[in-house]
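Visitor: Below you'll find the structure I mean.
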Amino acid sequence: MRKRLKMRVQGADGACPAPLQGFEELHERYKCGRRLLERMREANFKEPTPIQRQAVPILCSGSELLAIAPTGSGKTLAFLLPIIMKLGTHEEGGARALLLAPTKELAGQSARILRILSRGVSGLKSCLLTKATAGNDFSKVDIVVATPMRLKILLQHDKIDLSKVLYLVLDEADKLFEMGFVEQIDAVVAACDNKDVTRALFSATLPEKVEELARSVMARPIRLTVGERNS
Ligand code: ADP
Ligand code: MG
């Protein structure tokens, strides 16, 4: 199936989990709740896209991931689903997942899908970090979605504790880099200092600088490429 989907997997040492045939399989393989599967159907996520077929099992099995797939290929759901499944239900005590996106708009899109898939399903609480929510109590939130600038300001003022973060995703990593956020990303990665943190990086293209960024934040990620490498 990987070949048919124009998919390449590297760095898995022969231990890459099989791609998904369909979302239904998540129930058997990773104990995905029936209500989440139902909500996905309601939201019109009926068949996984190629990146979702392979990235979801990789993240569910606990590996670090560098995922490269074109714009519009469904990368958001590819990292949201494993996080929602892994976190399970709401817990207080500090955010357990952090999604970093380059712009307010992109962060907002992830936050929107997150709400659709959790409200009335798992009870997981998410928060899009904006000027308006900067004063919130983040110890009561499971998942924080943020831009590097806003988050760094909170960190500098000690207004958020990221030591409970188990899943850190750098989304649209090529744009994060192009927009000059390397220093902020470093600060965020350093603040997510839980010894069990799993990091993942998603990007539409893989210029050398993004590869460098990936090397600096992950030790031995599985590298997954879908489609032609356009950089
Ligand atoms: P990317 O981040 O790769 O650019 P997005 O995650 O923003 O792509 O997804 C692009 C569009 O495809 C969105 O409108 C999203 O809702 C839709 N989409 C994602 N996955 C699926 C799916 N499995 N089935 C149907 N639509 C999907
Ligand atoms: Mg995206």
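The values are calculated or read from the model by the stated rules, or taken from the named source; none is laboratory data. Computed from a prediction, not measured in an experiment: that's the story for all the values here. Here the Cβ is made from the backbone with ideal geometry for all residues, glycine too, and neighbour counts use every protein chain on show. Heavy atoms of the whole protein, side chains included, go into the accessibility calculation; ligands, DNA and RNA do not. Shrake-Rupley method; radii C 1.70, N 1.55, O 1.52, S 1.80 Å.
Visitor: Just to verify a result, which residue in segment 123-150, among those that are of a type in the set (Ser, Thr, Tyr) and free of Cβ contacts under 8 Å to residues at least 40 places away in the same chain, is surrounded by the most Cβ atoms within 10 Å (Cβ to Cβ)? Write out each step before concluding.
Guide: Start the filter on segment 123-150 by keeping residues that are of a type in the set (Ser, Thr, Tyr), which leaves 126, 130, 133, 139, 147.
Narrowing the set further to residues that are free of Cβ contacts under 8 Å to residues at least 40 places away in the same chain leaves 126, 130, 133.
On the way: Ser126: 25, Thr130: 16, Thr133: 14.
Applying the filter and picking the extreme gives Ser126.
Visitor: Quick test for you: out of Arg35, Arg53, pick the one residue that is part of a helix (DSSP H, G or I), open to solvent by 50 Å² or more (accessible area, probe 1.4 Å) and at pLDDT 95 or above. Working first, answer last.
Guide: Numbers: Arg53 fails: open to solvent by 50 Å² or more (accessible area, probe 1.4 Å).
After applying the criteria, what remains is Arg35.
Visitor: Of the residues that sit in segment 206-231 and are open to solvent by less than 30 Å² (accessible area, probe 1.4 Å) and not in a helix (DSSP H, G or I), which one is farthest from Val169 (Cα to Cα)?
Guide: Going through segment 206-231, the residues open to solvent by less than 30 Å² (accessible area, probe 1.4 Å) turn out to be 206, 210-211, 213-214, 217-218, 222, 224-227.
Those still in the list that are not in a helix (DSSP H, G or I) too: 206, 218, 222, 224-227.
Details: Leu206: 16, Met218: 11, Ile222: 14, Leu224: 15, Thr225: 17, Val226: 18, Gly227: 21 Å.
Here the answer is Gly227.
Visitor: Any idea which of (1) under 25 Å from Ser216 (Cβ atoms); (2) touching a Lys or Arg at 6+ places or on another chain (Cβ under 6 Å); (3) part of a loop (DSSP other than H, G, I, E, B); (4) of a type outside the set (Ser, Thr, Tyr) is the one Gly62 doesn't satisfy?
Guide: (2)
Visitor: Can you go through Ile185, Ile153 and tell me which one is in contact (Cβ under 8 Å) with a residue 12 or more places away in the chain, more than 16 Å from ligand 2 (Cβ to nearest atom) and open to solvent by less than 10 Å² (accessible area, probe 1.4 Å)?
Guide: Working: Ile153 fails: open to solvent by less than 10 Å² (accessible area, probe 1.4 Å).
The match here is Ile185.
Visitor: Give segment 195-205 a look and list any residue that's surrounded by 15 or more Cβ atoms within 10 Å (Cβ to Cβ) and either in a loop (DSSP other than H, G, I, E, B) or not charged (D, E, K, R) (or both), or say none.
Guide: Scanning segment 195-205 gives Val197, Thr198, Ala200, Leu201, Phe202, Ser203, Ala204, Thr205.
Visitor: Follow-up question, since we're still on this one. Quick check, is Ile185 at pLDDT 95 or above, within 17 Å of the chain's Cα centre (by Cα), at negative phi and more than 16 Å from ligand 1 (Cβ to nearest atom)? Walk me through it before giving the result.
Guide: Working: at pLDDT 95 or above: yes; within 17 Å of the chain's Cα centre (by Cα): yes; at negative phi: yes; more than 16 Å from ligand 1 (Cβ to nearest atom): yes.
Yes, satisfied.
Visitor: Restricting to segment 88-103, count the residues that are more than 16 Å from ligand 1 (Cβ to nearest atom), open to solvent by less than 10 Å² (accessible area, probe 1.4 Å) and closer than 14 Å to Thr198 by Cβ. Write out each step before concluding.
Guide: Step one: of segment 88-103, the residues more than 16 Å from ligand 1 (Cβ to nearest atom) are 88-98.
Now narrow it down to the ones that are open to solvent by less than 10 Å² (accessible area, probe 1.4 Å): 94-95, 97-98.
Add one more test, that the residue is closer than 14 Å to Thr198 by Cβ, and what stays is 97-98.
Qualifying residue count, segment 88-103: 2.
Visitor: If you don't mind, there's one more thing I want to ask. Would you please list the contacts, defined by Cβ atoms under 7 Å and residues six or more apart or on different chains, that run from a residue in segment 169-182 that is within 13 Å of ligand 1 (Cβ to nearest atom) to a residue that is among the hydroxyl-bearing types (Ser, Thr, Tyr)?
Guide: Listed pairs, sorted by first residue: Asp171/Ser110; Glu172/Ser203; Ala173/Ser203; Asp174/Ser203; Asp174/Thr205.
Visitor: Then there's this: List the residue pairs whose Cβ atoms are under 6 Å apart, where the first residue sits in segment 29-50 and is touching a residue at least 40 places away in the same chain (Cβ under 8 Å), the second is open to solvent by 40 Å² or more (accessible area, probe 1.4 Å) and within 16 Å of ligand 2 (Cβ to nearest atom), and the two are 6 or more positions apart or on different chains.
Guide: Taking only residues 6 or more apart or on different chains, the pairs are Ala43/Ile116.
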